[in-house]
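None of the figures in this text is laboratory data; all of them are computed from the coordinates on show. Note that this is a predicted model, so its numbers are computed, not measured. Positions of Cβ are backbone-derived with ideal geometry, glycine not excepted, and every protein chain shown enters the neighbour counts.
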Amino acid sequence: MVDTLLETLKKTYIEFNFRAGKRFLFRFPKTIYFDPNDPEFDSLILHELGHAILKHNNYTTDIERLKMERAAWDEAEKIADSLGVKINKNLVEDDLDSYRNWLHQRSKCKKCGLTRYQTPDGKYHCPNCER
Ligand SMILES: [Zn+2]
Ligand SMILES: [Zn+2]
């Protein structure tokens, strides 16, 4: 099954390079790395393809990162529909949850525990500790 979807993707999305690697990763602008042995191969490769199609490169704020992850899953869903492949919804939720947790941890002030805000330059500021 893994080969079938991979072959289809290689033929359909000839503008991208698909390379076996240790984990799933999109490297801007054209390379998609995948782990051929991952049980969630279908969902994960379509997610990375989503990043590729949307030309995701880097982000400055963490919210932006979360939005990119969601957008990549939405795109993956569209591609999956067109190919008759199923995306594992639990996997999507777990993945987005892990980004939400990450965001929460990153935004927490280490001195007072309050949620900080991030300015467009990527820096975090605590409304309590910074005046
Ligand atoms: Zn992603
Ligand atoms: Zn603080």
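Could you count how many residues in the stretch 54-71 are assigned to a helix (DSSP H, G or I) and without any contact (Cβ under 8 Å) to a residue 40 or more places away in the chain?
Taking the stretch 54-71 first, the residues assigned to a helix (DSSP H, G or I) are 62-71.
Cutting the leftovers down to without any contact (Cβ under 8 Å) to a residue 40 or more places away in the chain gives us 64-71.
Selection size over the stretch 54-71: 8.
What residue, of GLU77, GLU93, GLU69, is closer than 29 Å to LEU5 by Cβ, surrounded by 15 or more Cβ atoms within 10 Å (Cβ to Cβ), under 17 Å from the mean Cα position of the chain (by Cα) and away from ligand 1 (no atom under 13 Å from the Cβ)? Checking each option against the conditions leaves just GLU77.
Counting only residues that are surrounded by fewer than 16 Cβ atoms within 10 Å (Cβ to Cβ) and in contact (Cβ under 8 Å) with a residue 40 or more places away in the chain, which one in the stretch 101-118 is nearest to HIS56 (Cα to Cα)? Can you show your working first?
Going residue by residue through the stretch 101-118, those that are surrounded by fewer than 16 Cβ atoms within 10 Å (Cβ to Cβ) are 101-102, 104-106, 108, 110-115, 117.
Then keep just the ones that are in contact (Cβ under 8 Å) with a residue 40 or more places away in the chain; that gives 102, 106.
Working: TRP102: 19, ARG106: 21 Å.
Taking the candidates together, the pick is TRP102.
For the stretch 76-131, the set of residues classified as of a type in the set (Lys, Arg), within 16 Å of ligand 2 (Cβ to nearest atom) and in a helix (DSSP H, G or I) consists of ARG106 only.
Scanning the stretch 87-100 for residues that are touching a residue at least 40 places away in the same chain (Cβ under 8 Å) and either more than 11 Å from LEU44 (Cα to Cα) or aliphatic (A, V, I, L, M) (or both) yields a total of 3. The residues of the stretch 1-33 that are of a type in the set (Phe, Trp, Tyr) and touching a strand residue (DSSP E or B) at 6+ places or on another chain (Cβ under 6 Å), listed by number, are PHE16, PHE18, PHE24, PHE26, TYR33. Only a single criterion out of (1) in contact (Cβ under 8 Å) with a residue 24 or more places away in the chain; (2) touching a Phe, Trp or Tyr at 6+ places or on another chain (Cβ under 7 Å); (3) hydrophobic (A, V, I, L, M, F, W, C); (4) buried (at least 19 other Cβ atoms within 10 Å of the Cβ) is not satisfied by ILE32, namely (1).
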